[in-house]
Amino acid sequence: MDFSLSEEQLMLQNTVREFARKEVAPYFQALDKKPLPPTPKVLTAQMMKERYPWELWNKMHAMGLCTLSIPPEYGGGGASLLTQAIVCDELGRAGGLNVILQLTHQHLIDEFGTDEQKEEFLVKCATDPSYIIANCTAEPESGIDANRPDDEPGVTMKTFARREGDEYVINGFKRHVAIAPLAKLFILWCRTDKNTPLNQSLSGFLVPLETPGVSLGDIFEPQVMMGRGGMNAEVHFDKVRIPARYRLGTEGKMWEPRAKQFSYRDILILSGKAGSLQSVFDETLAYARDKIQEGRPLIQHVNIGLRMADMLATLETAKLYYRKLASDWDNQKAGGTWREENLFLFRGFLSDMTTRFFLDGLEIWGGTGVQKETPFHRHFSGHLAGGHGVGSSDQMRLRIMKWLADKSNDAYSSR
Ligand SMILES: Cc1cc2nc3c(=O)[nH]c(=O)nc-3n(C[C@H](O)[C@H](O)[C@H](O)COP(=O)(O)OP(=O)(O)OC[C@H]3O[C@@H](n4cnc5c(N)ncnc54)[C@H](O)[C@@H]3O)c2cc1C
């Protein structure tokens with residue numbers, strides 16, 4: 001397997017690395033050092049908009065980093081997934097803001113949207129940095145299982161869209177929707193049939209914020225768990241009427257295509273995580289080389305040195321594997337096979353290895369590691385939040401378990 005990067009990719013990697021070092025990292029470092037603001041009883045979308053680092057975001061947008069997944073004919077970079085992953089890796093070292101989500105959401109519109117939808121929404125994303133898209137899937141009784149095909153009619157997801165002539169009428173509510181307070185467009189996943197399982201009734205819709213009946217519920221700013229700067233909200237849909245032309249893809253047939261295209265997001269998340277691990281590894285190694293105990297640098301104490309070796313193994317695995325997955329994804333265009341089991345295997349494995357990576361790091365940083373001013377603390381928080389943002393490692397193993405139980409499948413033993 002050859003994961004070497006092209007000249008063009010290497011140049012982009014260098015540019016983004018420099019930008020992240022000079023502009024993004026200092027923003028997060030300053031944020032870490034600021035005292036936590038008092039959390040008001042009620043957070044509003046306006047407050048969240050005021051706290052967002054628009055200046056930095058606008059610069060990233062002007063560099064084209066936030067629109068790499070949009071095809072050039074709609075004003076974006078039209079980059080391969082590997083190229084996007086390299087960018088997210090570099091940004092992940094410093095703190096990637098909301099780039100991964102935007103690349104994914106734009107990709108969903110590109111993949112499932114009509115030409116008319118792309119013209120209307122992707123062009124806005126490409127020209128207006130404040131045109132942010134959020135994805136609405138999770139509900140109180142539909143968390144991780146919204147990503148699993150095996151439910152009974154009516155169980156789990158409740159949000160429902162009823163067709164009325166040339167419109168759909170949508171009722172329901174979503175929660176934990178990342179970046180919702182800034183969003184101008186929601187990609188909504190809901191049922192269009194109450195009598196069939198979710199894998200036969202899931203539909204997608206594009207719902208602009210200004211549509212009557214769309215409102216935000218409680219807003220959360222999980223400062224510690226999301227390393228600050230993250231925001232989630234409930235999104236309510238109350239008798240929302242949207243034109244049928246805003247349906248994304250085929251009615252009731254979106255479970256499988258949606259699940260497949262979310263692999264795209266997961267690969268980008270893995271690349272961002274690899275960047276985060278790189279940053280922690282670099283900082284931890286420097287610390288272990290400089291900090292003296294018993295007259296010697298920490299790294300020369302065997303227990304510390306062995307932990308650093310394990311951390312390096314996790315980092316290298318993360319880097320190699322996201323590049324493999326992104327290359328596999330891109331190679332589909334040339335007739336290559338995409339195996340989502342490879343993604344599940346790796347996500348489950350890496351999630352647990354990363355937890356161990358951070359616990360090893362914490363051991364090395366000692367008391368300093370738990371101070372919120374350290375980058376270590378920020379990256380660890382991000383890992384804990386990310387572990388559940390897109391599905392727990394248990395869920396990954398459950399999928400592999402099902403797949404292994406299938407006697408017709410011998411893909412791994414026949415290699
Ligand atoms: C940082 C962050 C960002 C997020 N962003 C978004 C977003 O943009 N849009 C969005 O729609 N949602 C978002 N979410 C929500 C996320 O998708 C859900 O939190 C996730 O699906 C888990 O749902 P839950 O919290 O209800 O937990 P649950 O699904 O209740 O899971 C709790 C535990 O139960 C286990 N479990 C659940 N179901 C089963 C089952 N059937 N069999 C066996 N074990 C099971 C899980 O493995 C887990 O260990 C975000 C969450 C976080 C933390």
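Pairs linking a residue in the stretch 234-252 that is over 14 Å from S215 (Cβ atoms) and open to solvent by less than 60 Å² (accessible area, probe 1.4 Å) to a residue that is outside any strand (DSSP E or B) and among the polar types (S, T, N, Q), with Cβ atoms under 8 Å and 6 or more positions apart or on different chains, are I242/T211; Y246/Q117; L248/Q117; G252/T192; G252/T196; G252/Q200; G252/S201.
Conditions (1) at pLDDT 95 or above; (2) assigned to a helix (DSSP H, G or I); (3) open to solvent by 50 Å² or more (accessible area, probe 1.4 Å), marked per residue:
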position: R347; (1), (2), (3): no, yes, no
position: F357; (1), (2), (3): yes, yes, no
position: G367; (1), (2), (3): no, yes, yes
position: G382; (1), (2), (3): no, yes, no
position: D394; (1), (2), (3): no, yes, yes
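From the list V177, V155, the one residue that fits, being within 12 Å of the ligand (Cβ to nearest atom) and in contact with a Cys (Cβ under 7 Å, 6 or more places away or on another chain), is V177.
Got a sec? Which helices (runs of 4 or more DSSP H) wholly within the stretch 1-106 have at least 2 residues that are open to solvent by 70 Å² or more (accessible area, probe 1.4 Å)?
Filter on the stretch 1-106 gives 7-19, 25-33, 45-51, 54-62.
Every residue, every condition in (1) at pLDDT 95 or above; (2) within 16 Å of the ligand (Cβ to nearest atom); (3) out of contact with any strand residue (DSSP E or B) (no Cβ under 9 Å at 6 or more places or on another chain), yes or no:
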position: P222; (1), (2), (3): no, yes, no
position: N232; (1), (2), (3): no, yes, no
position: K239; (1), (2), (3): yes, no, no
position: T250; (1), (2), (3): yes, no, no
position: G272; (1), (2), (3): no, yes, yes
position: F281; (1), (2), (3): yes, no, yes
position: L285; (1), (2), (3): yes, no, yes
position: H301; (1), (2), (3): yes, no, no
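Annotation: T156 fulfils all but one of (1) in a helix (DSSP H, G or I); (2) open to solvent by less than 30 Å² (accessible area, probe 1.4 Å); the unmet one is (1).
Within the stretch 315-342, the only residue that satisfies the criterion of being among the hydrophobic types (A, V, I, L, M, F, W, C), farther than 14 Å from S271 by Cα and touching a Ser or Thr at 6+ places or on another chain (Cβ under 9 Å) is W338. Looking at this structure, is L188 among the hydrophobic types (A, V, I, L, M, F, W, C) and either open to solvent by 60 Å² or more (accessible area, probe 1.4 Å) or not assigned by TED's automatic domain parsing to the domain that holds A233 (or both)? So L188 does not fit the description; no. With respect to (1) open to solvent by less than 10 Å² (accessible area, probe 1.4 Å); (2) in contact (Cβ under 8 Å) with a residue 40 or more places away in the chain, the lone exception for K194 is condition (1). Residues that are at pLDDT below 90 and within 22 Å of S276 (Cα to Cα) do occur in the stretch 34-49. Among the residues making up the stretch 109-144, those that are aliphatic (A, V, I, L, M) and either more than 16 Å from the ligand (Cβ to nearest atom) or open to solvent by less than 50 Å² (accessible area, probe 1.4 Å) (or both) are I109, L122, V123, A126, I132, I133, A134, A138.
The values are calculated or read from the model by the stated rules, or taken from the named source; none is laboratory data. Computed from a prediction, not measured in an experiment: that's the story for all the values here. Backbone-built Cβ (ideal geometry, glycine too); neighbour counts: all protein chains shown. Note: areas computed on protein heavy atoms with side chains; ligands, DNA, RNA excluded. Shrake-Rupley method; radii C 1.70, N 1.55, O 1.52, S 1.80 Å.
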